[in-house]
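Data block below; observations after.
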Amino acid sequence: NVKGHFLLNSGELSDSLLFEDDGAPLTRKIIPMFLQQENHKLLILTKSTMISNLKKIQATNHVIVSFSLNANAVARRWEKAPSVDQRIRAASELSHIGYPVRIRIDPMVPIPGWQVEYSNLIDAIFSRFTPERITFGSLRGLQSTINNSSDKTWLPYLTETSNWGKKVGIGHRLAMYSKLINLLKTRYDYRAIALCKETLEVWEKLLLDYNKIQCNCVW
């Protein structure tokens with residue numbers, strides 16, 4: 001009943017498709033409500049490949065599907081999810097049947113050889129489909145997250161402290177973002193790019209206008 005248009009994110013703190021094979025799938029409990037109105041959209045953020053229920057629903061721009069991806073080496077080391085290639089294939093299937101599909105490459109980690117790893121990820125995505133938009137973000141950690149993490153092998157990459165928490169150093173962040181932004185522009189003529197949870201300084205150094213932001217979680 002509120003005025004205006006809103007995009008509601010169902011996957012910021014958990015996977016949107018977590019219960020697709022259980023008794024309360026989002027595709028049956030939540031999506032129908034968005035199909036019955038014109039004002040708001042649902043954003044499904046996921047690392048899952050459980051898209052069979054989505055494929056049974058008529059694709060609509062009222063439901064946006066965003067896949068969280070990472071470089072293969074990072075995913076194998078720190079993620080518990082279907083392989084990156086499986087996720088790209090699932091994203092491609094939904095894109096080809098008409099769903100708006102976004103990609104979130106976050107958290108980027110400056111592992112040895114990151115230049116090749118993340119370039120390969122971009123090529124793998126565009127070999128199958130063109131996302132509606134791509135959002136980049138880098139590894140970061142609140143102190144509470146760090147304290148409660150049993151695997152702390154990612155902590156050495158957090159070399160900068162901020163009021164929000166610890167981050168990858170700005171030099172590495174700028175290098176990673178600029179590498180992929182330039183690749184997207186030169187190889188694929190692609191410019192629907194934004195940053196997640198970044199500083200104004202980083203936006204300005206990359207010559208991106210945060211006032212025109214079209215990132216993963218906005219309309």
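Being farther than 19 Å from LEU69 by Cβ and of a type in the set (Gly, Ala, Ser) is a property that GLY165 has.
Just the residues that are buried (at least 19 other Cβ atoms within 10 Å of the Cβ) and assigned to a loop (DSSP other than H, G, I, E, B), please, taken from the range 23-49. Answer for the range 23-49, where residues must be buried (at least 19 other Cβ atoms within 10 Å of the Cβ) and assigned to a loop (DSSP other than H, G, I, E, B): LYS47, SER48, THR49.
Taken over the range 157-170, the residue count meeting the criterion of being open to solvent by 50 Å² or more (accessible area, probe 1.4 Å) and either of a type in the set (Val, Ile, Thr) or out of contact with any strand residue (DSSP E or B) (no Cβ under 8 Å at 6 or more places or on another chain) (or both) is 4. Out of all the residues in the range 72-79, is one or more assigned to a loop (DSSP other than H, G, I, E, B), surrounded by fewer than 18 Cβ atoms within 10 Å (Cβ to Cβ) and of a type outside the set (Phe, Trp, Tyr)? The answer is yes, given that some residue of the range 72-79 is assigned to a loop (DSSP other than H, G, I, E, B), surrounded by fewer than 18 Cβ atoms within 10 Å (Cβ to Cβ) and of a type outside the set (Phe, Trp, Tyr). Within the range 182-211, residues that are under 17 Å from ILE103 (Cβ atoms) have Cβ atoms under 7 Å from residues that are among the β-branched types (Val, Ile, Thr) and modelled with pLDDT under 95 in these pairs: ALA194/ILE213, counting only partners at least 6 apart in sequence or on another chain. Among the residues making up the range 174-207, those that are open to solvent by 30 Å² or more (accessible area, probe 1.4 Å), aliphatic (A, V, I, L, M) and touching a helix residue (DSSP H, G or I) at 6+ places or on another chain (Cβ under 8 Å) are LEU174, LEU200. For the range 8-22, a residue qualifies if it is assigned to a loop (DSSP other than H, G, I, E, B) and open to solvent by 60 Å² or more (accessible area, probe 1.4 Å), and the qualifying residues are GLU12, LEU13, SER14, LEU18, PHE19, ASP21, ASP22. Please indicate, with yes or no, whether at least one residue in the range 141-154 is closer than 26 Å to SER83 by Cα, part of a helix (DSSP H, G or I) and without any contact (Cβ under 8 Å) to a residue 60 or more places away in the chain. Checked the range 141-154: at least one residue is closer than 26 Å to SER83 by Cα, part of a helix (DSSP H, G or I) and without any contact (Cβ under 8 Å) to a residue 60 or more places away in the chain.
The values are calculated or read from the model by the stated rules, or taken from the named source; none is laboratory data. Owing to the predicted nature of the structure, the values given are computational and were not obtained by experimental measurement. Positions of Cβ are backbone-derived with ideal geometry, glycine not excepted, and every protein chain shown enters the neighbour counts. In case anyone asks, the SASA skips ligands and DNA or RNA and just uses the protein heavy atoms, side chains included. Shrake-Rupley method; radii C 1.70, N 1.55, O 1.52, S 1.80 Å.
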